[in-house]
Amino acid sequence: MENNNNSNNSRRWLRYLPYLLIPIILLAAIWMYTDSSTSDTKSYYEIIELFENDEIQEYTLNLSSGSLVYKLKDDSANLTYQYDVPNVSLFLEDVHEIAKTNGVEYNYDAGSSSSWLTSMLPSIIMTVVLLVLMYYMFRRMNNSIMSETNRTIGFGKARVKGKDDKHKTTFDDVAGADEEKEELSELVEFLKNPKKFQELGARIPKGVLLVGPPGTGKTLLAKAVAGEADVPFFSISGSDFVEMYVGVGASRVRDLFQQAKKESPSIIFIDEIDAVGRHRGAGMGGGHDEREQTLNQMLVEMDGFGVNDGVIVIAATNRPDILDPALLRPGRFDRQVTVGYPDINGRTAILRVHSKGKPLAPDVELEKIAQQTVGFTGADLENLLNEAALLAARRGYRAITMAEIEEAAVKVMVGTEKRSHKISDEDKKLTAYHEAGHAVATFYLPTQDPVRQVSIIPRGMAGGYTMSVPTEDKLYKSKNGMLEELVVLLGGRVAESIVFGDISTGASNDLERASDIARQMVTKYGMSDELGPIVFGSGNDEVFLGRDYSSVRNYSETVAAKIDSVVGEIITNAYNRCTVILKTHMDKLTEVAEYLIKNEKIGEKDFADLMEGKMSAESNKIEGSVNAESPAKPDGSDETANDLGEV
Ligand code: ADP
Ligand code: MG
Ligand code: ZN
């Protein structure tokens, strides 16, 4: 690839050769044409003969150029002929006396070369035109060759998108997303006044990773941080790097960071970082490809600038799971902000923002639209209002009515992913109790981290999620902790069974994880009393094929059966323990579930308040019950995320 570049360039010149020849040939042709057009085809003797036979009526001779213009006597058309006299003095000698005696009208044009100029004028113009044409052609050729070299050899200037537009984006433009804004406001403070932080020796994160599905406002948030702090915003997309020749991506990264440093405090925004930040060596063929070089350069740059240089790198992705772990190390993107689907209040706020400048009919209730659009992102909602406006315009209305909005909602839902499936109230209720089961179990188990957020807004493959965050770093998990983790994982299934007397497919992911943990406790950590502290199977995690394929069985069938029965026992015990907890706290389970049905989401503080009886499910933010059909994943499967990273 690299070696070919040089010969490629010289061959490219050859390719342009025909274009070079065209003007030269044209020029030659025109010279020949202009030459023949001005000279008479007659010979000198024929001209002299005309004079001798007294056939010339009048003539004009330019004495310097020798251009002879004459008229013939018996010529009804009265044409003018032209002849270039090769030797003026000889000609005069030959004809002057004859002309005088024959009474021919003659005129000698002394010296002025005006006739010569006029005769040359067309060719001069043509030459100039051709030269201009050639100049442009060369320039274009040059340009294309230059850009080629740009790409290959890499005068790689970072293509920095609009540092600042006329309209500054601020946090006011980002509706809902209060938690996200709060997490980012620290960055704003720092960018506004880096000195203050530097003097106190406070360490501000160099890199912040915005994680969330497309259209949830990651780019918007990053811009808003820059707008709030009033600092330059340098943005580049990871996908820009993908189709590049070797070395260019890296040099663009270098350039980008250089520019940002020059104008610090500033923000670098790397959109779609997963396009470059993919796990190294995970690509086809492995080795050092362009992407890897770009990523390495990114890491080098991030390590290269000091903690408080005033440049903050914000990156966005919807695939944090495939990112190279090196990116997430301390001093790089060590801070993650999850940008989730907006809840019902968020959706109302977003609709309010985007309905500005769109006249709404009195029958339009934004809260009602928000209720009906579970699982819509900010981008979806913006799209929805736009579609509605288009519909209203087509119908010749002066304002958007509820009818247009409802039609547009269907259009957007069909147009976007199938995730916006409509599901029934029962499914919503089921998800709510399921998640409440996880959350309530978590609350009553001392080893478990506090619940950070519970949501029944469908997310990716999950119908809902319960997220808990560790309060402190833990190096090891205790046996007790793992057992209680099992109880939490089973919470969803147990709640379903208690409340509905029936169970659903929604817990499959939970059960899978619970089984894994139980099995690992027995075979990997030697935590069961029956089998003792023995490791079964050589579980070598570093093997290429992946964990599951690599464990080799080094025990007998009887032991295998024993392992299975012990694993089963652990799960059953956890299930029973969970049943006791949830039955004892049935009131809390119901309260949390009811709250979720109405609000779709519950945060850390509200959850704690609810559990401690400081708040009742009735005192929630939205009045009235939700009877709108709400979209969600059809299988209502679910996940329990145990730390911030998981989505
Ligand atoms: P992402 O980068 O996460 O894919 P964007 O930031 O590009 O999403 O959002 C796309 C558009 O959706 C934005 O330009 C904005 O108009 C709208 N949008 C998304 N989230 C919000 C929000 N919270 N408030 C207002 N508008 C939003
Ligand atoms: Mg974006
Ligand atoms: Zn679950």
Net charge, residue 353 excluded, C-beta distance under 12 Å - Lys, Arg +1, Asp, Glu -1: +1
Cα shape, the stretch 168-255, gyration tensor, a/c 1.5 rule: oblate
Accessible surface, the stretch 68-138, averaged per residue in Å² (probe 1.4 Å): 66
Where a label projected 7 Å from the Cα of residue 239 along Cα→Cβ would reach, residues of the stretch 183-223 with amide N under 19 Å: 210-223
Across 196/261; 356/428; 477/588; 168/356, pairs whose alpha-carbon gap is larger than 21 Å: 356/428; 477/588
Alpha-carbon Rg with Dmax, taken over the stretch 304-399, Å: 19.7, 59
The stretch 168-255 - charge dipole about Cα centre, Lys and Arg +1 at Cβ, Asp and Glu -1, debye rounded to 20: 440
Gyration tensor (alpha-carbon) shape descriptor, the stretch 579-618, a/c threshold 1.5: prolate
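The values are calculated or read from the model by the stated rules, or taken from the named source; none is laboratory data. Every value quoted in this text rests on a predicted model; they were computed, and no experiment measured them. Glycine gets a Cβ as well: all are built from the backbone with ideal geometry, and neighbour counts include every protein chain shown. In case anyone asks, the SASA skips ligands and DNA or RNA and just uses the protein heavy atoms, side chains included. Shrake-Rupley method; radii C 1.70, N 1.55, O 1.52, S 1.80 Å.
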